[in-house]
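Enquirer: My structure is below; once you've seen it, I'll send some questions.
All of the numbers you see were taken from the coordinates with simple rules; none came from a lab. Source: prediction; values computed, not measured. For neighbour counting, all protein chains shown are included, and Cβ atoms are generated from backbone atoms with ideal geometry for every residue, glycine included.
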Amino acid sequence: HQERHYPARVSGTSLENPDFVTLAKAYGFHAERVEATRDFAAAFDRALGSVTGAVLDIAISPEALTPRQTLSQMRDAALASQKAKA
């Protein structure tokens, strides 16, 4: 990951996604954005009921990289490592 090796030098890690819901609906699919975990089960059931296809756009925090480490934690560790080497 860019931030692990070059913290604070953002390059190709801050990208914008298209509107997947609008795109999927343009092709006749069922589509919805899920913002909260509590809403997932019902959205998944609706997706399973689709006779065409379905897209669920699941919102996650930009901080979420892995289950064990956030973007901020990775950046902080990389900066600390760079300071230790200096």
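Enquirer: Output the residues belonging to region 25-45 that are closer than 20 Å to Ile60 by Cβ and charged (D, E, K, R). Explain how you work it out, then say what you get.
Expert: If we filter region 25-45 for residues that are closer than 20 Å to Ile60 by Cβ, which is where we start, we get 31-44.
Within region 25-45, Glu32, Arg33, Glu35, Arg38, Asp39 meet the criteria.
Enquirer: Still on this model: Of Phe29, Phe20, which residue is more than 18 Å from the chain's Cα centre (by Cα), surrounded by 14 or more Cβ atoms within 10 Å (Cβ to Cβ) and not β-branched (Val, Ile, Thr)?
Expert: Details: Phe20 fails: more than 18 Å from the chain's Cα centre (by Cα).
When all the criteria are applied, what remains is Phe29.
Enquirer: Condition (residue is without any contact (Cβ under 8 Å) to a residue 12 or more places away in the chain and not in a loop (DSSP other than H, G, I, E, B)) applied to region 49-63: is it met by at least one residue?
Expert: The answer is no, given that none of the residues of region 49-63 is without any contact (Cβ under 8 Å) to a residue 12 or more places away in the chain and not in a loop (DSSP other than H, G, I, E, B).
Enquirer: Hey, another quick one. Would it be correct to say that Ala24 is out of contact with any Ser or Thr (no Cβ under 7 Å at 6 or more places or on another chain), of a type in the set (A, V, I, L, M), without any contact (Cβ under 8 Å) to a residue 12 or more places away in the chain and not in a strand (DSSP E or B)? Step through it out loud before you land on a result.
Expert: Working: out of contact with any Ser or Thr (no Cβ under 7 Å at 6 or more places or on another chain): yes; of a type in the set (A, V, I, L, M): yes; without any contact (Cβ under 8 Å) to a residue 12 or more places away in the chain: no; not in a strand (DSSP E or B): yes.
Here the answer is no, as Ala24 does not meet what is asked.
Enquirer: Here is a follow-up. Do the conditions hold for Arg38, that is, is it loosely packed, with under 11 Cβ neighbours inside 10 Å and either touching a residue at least 60 places away in the same chain (Cβ under 8 Å) or part of a helix (DSSP H, G or I) (or both)?
Expert: Against the criterion (loosely packed, with under 11 Cβ neighbours inside 10 Å and either touching a residue at least 60 places away in the same chain (Cβ under 8 Å) or part of a helix (DSSP H, G or I) (or both)), Arg38 qualifies.
Enquirer: Out of all the residues in region 73-86, which are in a helix (DSSP H, G or I) and either of a type in the set (Phe, Trp, Tyr) or more than 13 Å from Tyr6 (Cα to Cα) (or both)? Give the derivation first.
Expert: Of region 73-86, the ones in a helix (DSSP H, G or I) are 73-85.
Correct list: Gln73, Ala84, Lys85.
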